[in-house]
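Chemist: So that we are looking at the same thing, I have put the structure below in C-alpha cells.
Every read-out reported here was derived from the displayed coordinates using simple, explicitly stated rules and does not represent laboratory data. Quantities reported herein were computed from a predicted structural model and do not represent experimental measurements. Cβ sites come from the backbone with ideal geometry, for glycine too, and all protein chains shown count toward neighbours.
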C-alpha cells in the first residue's frame, strides 16, 4: 500500500474530528458548546475515548445529538472534580476512565456529593465505567491479537508494526504488549484506531464490556 493511500485511509478514519496538537482542546470546547442543551453529559478522559464511544453509538444506530447526550473529553482524569462540580445540579452525569484513574474518579464523585462508590459496581450504578487497564487493552482483548493485526493490515500499518516488533526493546515481548505499544505510539494513530477497532468489535459483536455497559445505560 503506497503512502498516499495510507494517508487517505488515516484521514477518513478521523472524519468529523480535529487532529493535530490542537485536537484535545478543540474537542473539549466543541463538547462544552453543546452542554447547555444536554440531558446527559458523559465525562471521558480524552479524545480517543470520545471517538470510541461515539463510534459505538453510531454503529448501534444511536443518534447522541438527538438524544441530547454529550460526550465530553476532559483533557485528563484529574479534571473530573472540576467538571462534576460544574454539572452536578444540571444534566445527568456518566463517565468512563482507565483502571489507573478509577480512584481519582471515585474520590471526585464523593467530594462532589454525588454518591459513595466504594466498589466498581457502585461506580457503575452511578453511571461510571472503568476500562482495564485502558481502552486499548480492552479492545485488544475483545478482538483478539490476530484480528487487531488484521485491522492494521487494512490500513497499511502491518509493516510498521513488524518494525516495532523487531526493535531491541520490544523483540520477544508479549504480543498484547507490542500491540498496545503500537496503538499508543502517536496521538493520531491512537485516535484512528479508537474508531477502527471499535467498528471491528461491533461487527463481531465483541464490544468491550465498559463501552457496551456505558452505552446501554445512556
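Chemist: Can you compute the modelled spin-label distance between residue 68 and residue 85, with each label point 7 Å from Cα toward Cβ, in nm?
Modeler: The two pseudo-label positions are separated by 2.7 nm.
Chemist: Further question on the same structure: Taking R0 as 22 Å, what FRET efficiency do you get between residue 30 and residue 216 from their Cβ-Cβ distance, rounded to the nearest 0.05? Present the calculation step by step, with values, prior to reporting the outcome.
Modeler: Working: r = 25 Å, r/R0 = 1.14.
It comes out at approximately 0.30.
Chemist: While we're here: Working out 0.36 nm times the residue gap between residue 204 and residue 171, then minus their Cα-Cα distance, what length gain in nm do you get to one decimal? Don't jump to the answer; show the numbers that get you there.
Modeler: Details: separation 33, 0.36 × 33 = 11.88 nm, distance 3.01 nm.
Contour length minus the Cα-Cα distance gives 8.9 nm.
Chemist: Pairing the Cα long axis of helix 102-111 with the longest principal axis of the chain, what angle in degrees results, from 0 to 90 and rounded to the nearest 10?
Modeler: 10 degrees
Chemist: Sticking with this one: For the stretch 105-218, compute Rg over Rh where Rg is the Cα radius of gyration and Rh is the Kirkwood radius from the inverse mean 1/r over Cα pairs. Could you put the intermediate results ahead of the total?
Modeler: Working: Rg = 16.7 Å, Rh = 15.6 Å.
Checking Rg against Rh, the ratio lands at 1.07.
Chemist: Same structure again: For the ranges 97-103, 33-39, 49-55, what's the packing order if you count other beta-carbon atoms within 10 Å of each residue, average per peptide, and put the highest first?
Modeler: Details: 97-103: 17.7, 33-39: 13.1, 49-55: 25.4.
My ranking of the peptides, most packed first, is 49-55, 97-103, 33-39.
Chemist: Still on this model: Just the number, please: Stokes-Einstein D of the chain in µm²/s, Kirkwood Rh from C-alpha pairs, 10 °C, 1.306 mPa s. List each step's numbers first, then the result.
Modeler: On the way: Rh = 17.9 Å.
Estimated diffusion coefficient is 89 µm²/s.
Chemist: Now, a different point. Nearest 10 degrees, 0 to 90: what angle lies between the long axis of helix 145-154 and the longest principal axis of the chain (Cα atoms)?
Modeler: Between the helix axis and the principal axis of the chain, the angle is about 70 degrees.
Chemist: If you line up the long axis of helix 47-59 against the longest principal axis of the chain, both from Cα atoms, how many degrees apart are they, to the nearest 10?
Modeler: 90 degrees
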